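**Q** Can you read through this structure? Questions will come right after.
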Amino acid sequence: MATTGIVNGSLLRLYVNDVAVAYSTSDTLDLTRAMREIAHKDNTSAWVEVAPGQKSATFSTELLFADVGDASANTKFNSLFESWDAGTEITCTYTTDVLDDSIYSFTAYIESLSLNSANQENVTASASLRINGAITKITNSVLAAPAGLSATPAEGNSSVSLSWSAPSATGKPALTDYIIQYKLNAATTYTTLNDGVGIETSYLIPSGTLTTGQIYNIRVLAVNAAGNSPASNTANVTPN
């Protein structure tokens, strides 16, 4: 696991429903397996023999909060409190945003929460989660390429309508954006369209972006925290 990049020198973060939980300063994933003793008539040495039994796991985290007035996209203490109060199961992933690192995914219930504050010091919190069911492990990777890209001239001077299919469910963390790129058919370098951030699978290239009567090659890439996916199929279009 990578160990550089944020306040405490660790990139490890707990995500709930793909949103990071504040700023982790310490995390512990405890994995245990019960051992059951085996007794049989051939055990004459008096040594205990055991076999693996049920698995269980817990997760604990120490958090540094900037809760009130913090506009950044992270799960706040109040959200954790609501899950604890209602007794609802939460979906978690534990990883970094570094390509090829491991990602642990699980569902859990919040067993305990603690909110701590001291005069003129940062607000901190801690949480203990009881994992319910299995833990899965995959490798942090970019998404697969978007598929089925089509480009059609639309009404309006040189506007083009695009549509495509979301990438297949490979890669983690979640999809955060699409990048649209275009070039003239004879060119070798693509230009990235300034289309904002969004995960919709369609887009209207506005009038004035492309030149009428020219053949363009267009492609789309999917984006997650691990990076950009391979490019989609190339769609050719001549704006009207």
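**Q** Any chance you could check the Cα centroid distance between segment 126-140 and segment 162-240 for me, in angstrom?
**A** Segment 126-140 and segment 162-240 have Cα centres separated by 35 Å.
**Q** Next question, about the same structure. Give me the net charge for the shell around Ile218: Cβ to Cβ below 15 angstrom, other residues only, Lys and Arg +1, Asp and Glu -1.
**A** On the way: positive: Lys183, Arg219; negative: Asp195.
Counting the neighbours of Ile218, the net charge comes to +1.
**Q** Sticking with this one: Rounded to the nearest 500 deg cm²/dmol, what is the calculated helix-only ellipticity per residue at 222 nm for the chain, with -39500 (n - 2.57) per DSSP H run of length n ≥ 4? If you can, show how the numbers build up before the last one.
**A** Values: 1 runs with 10 residues, N = 240.
Mean residue ellipticity, 222 nm, calculated: -1000 deg cm²/dmol.
**Q** How high is the FRET efficiency from His40 to Ser102, r the C-beta distance, R0 41 Å, rounded to 0.05?
**A** Working: r = 39 Å, r/R0 = 0.94.
Between His40 and Ser102 the formula returns 0.60.
**Q** Students often check this: by mean Cβ neighbours within 10 Å, which of 53-64, 220-231 ranks highest, and how do the rest follow? Don't jump to the answer; show the numbers that get you there.
**A** On the way: 53-64: 16.7, 220-231: 19.8.
So the order, starting with the most tightly packed, is 220-231, 53-64.
**Q** Still on this structure: Under the √(5λ) rule applied to the eigenvalues of the Cα gyration tensor, what semi-axes describe the equivalent ellipsoid of the chain? Give them in Å, descending. Mind dumping the intermediate values first?
**A** Numbers: eigenvalues 454, 126, 43 Å².
Listed largest to smallest, the semi-axes of the chain are 48, 25, 15 Å.
Quick note: the coordinates plus some simple rules give every number you see, no bench work behind them. Just so we're clear, the structure is a prediction, and the values are computed from it rather than from any experiment. Here Cβ is always computed from backbone atoms with ideal geometry, including for glycine, and neighbour counts include all displayed protein chains.
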